[in-house]
Amino acid sequence: MGKRGPKPTPTAMLKLRGSWRGDINKDEPMPDVGVPECPKEIEGIAKDCWDELAPMLVGMNVLTVADGKAFELLCVTFSNWKRSEAMLQKHGDVYPIRDANNNVKYLQQSPYVAMARNFGKAFKEMLCEFGLTPSSRSRIVTGGDKQATKADERMKYLSG
């Protein structure tokens with residue numbers, strides 16, 4: 001049986017959000033913030049995605065040198081999604097299935113519909129992992145003074 005409950009939020013994200021839980025896991029590995037080396041295999045749309053998002057994520061203190069494979073997956077998935085969308089634009093979302101007399105029996109959904117949907121869903125999930133959607137970003141507090149939350153204030157009261 002797999003692990004239960006939601007997967008844990010990385011400590012860096014907890015700290016950026018201003019959560020008191022950011023200090024709980026003292027032994028969590030903390031790789032240096034920075035752009036991982038871009039794999040030579042990445043090219044085209046995936047490379048453009050890498051070049052656009054990497055500086056942005058480093059500026060948000062989210063991307064580390066240890067995140068190379070996860071970030072590569074994000075960029076390649078984006079490229080696959082864009083390719084599937086282009087094929088939908090070119091060929092349409094349905095095609096006719098004909099009988100022996102060349103009459104249209106029914107319209108069949110193109111496989112690119114499912115591919116675009118699946119790649120789009122996977123891409124969105126990866127964007128959330130890196131804090132690149134409005135809702136995932138709204139949970140991150142960056143810059144300025146650390147904002148105290150009600151939980152922080154309760155913990156200070158209980159411990160002091």
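Numbers for the structure displayed
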{"quantity": "Distance in nm between pseudo-label sites at Ala122 and Lys90 (7 Å out along the Cβ direction from Cα)", "calculated": "2.0"}
{"quantity": "Assigned charges on the beta-carbon of Lys, Arg, Asp, Glu; segment 31-145 dipole about Cα centre (debye)", "calculated": "640"}
{"quantity": "Label-point separation, Glu43 to Arg137 (7 Å along Cα→Cβ), nm", "calculated": "3.2"}
{"quantity": "At 0.890 mPa s and 25 °C, Stokes diffusion of segment 36-119 via Kirkwood alpha-carbon radius, µm² per second", "calculated": "163"}
{"quantity": "Farthest positive-ward along segment 40-143 dipole, Cα basis, beta-carbon charges - from Ala46, Phe78, Gln108", "calculated": "Gln108"}
{"quantity": "Violating pairs (Cα-Cα greater than 28 angstrom) within the set Lys82/Lys105; Lys69/Lys121; Lys90/Lys124", "calculated": "Lys82/Lys105"}
{"quantity": "Per-pair calculated FRET efficiency, R0 = 41 Å: Gln108 and Ala66 via Cβ, rounded to 0.05", "calculated": "0.40"}
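Only the coordinates and a few stated rules stand behind these numbers; no lab work does. Keep in mind that what you see is a predicted model, and the values were worked out from it rather than measured. Every residue, glycine as well, gets a Cβ built from its backbone with ideal geometry; the counts of neighbours run over all protein chains shown.
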